[in-house]
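Step one of this worksheet: look at the structure below.
Every number here is computed from the coordinates shown, using simple stated rules; none is lab data. Note that the structure is a prediction, hence the values are computed from the model and not measured.
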Amino acid sequence: MLQRLRPADLDALGLVDAIQSLCEDWELRSGVACVFHHDADLRIDAEPARIAVYRVAQEALSNVMRHARASTVRVS
């Protein structure tokens, strides 16, 4: 239940690596290539904003799996 409320990867990995991990796990589950592009200096200091960015990426990938016939996904 706690994982559903607060992604543990954010604390363990940081935002960039947590989204990278999200993309890699999603790619394994979906069979669709997922590429994550980001600015090297991506820094979001406010914790609620980091959670929101992670959740937006998570929801976007979920929507791709449900509604798109994509062969590749790019998260940036």
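Three semi-axes describe the equivalent ellipsoid of the chain; taken as square roots of 5 times the Cα gyration tensor eigenvalues and ordered largest first, they are 21, 14, 11 Å. Per residue of the chain, what 222 nm ellipticity follows from adding -39500 (n - 2.57) for every DSSP H run with n ≥ 4, rounded to the nearest 500? Using -39500 (n - 2.57) per qualifying helix, the result is -19000 deg cm²/dmol.
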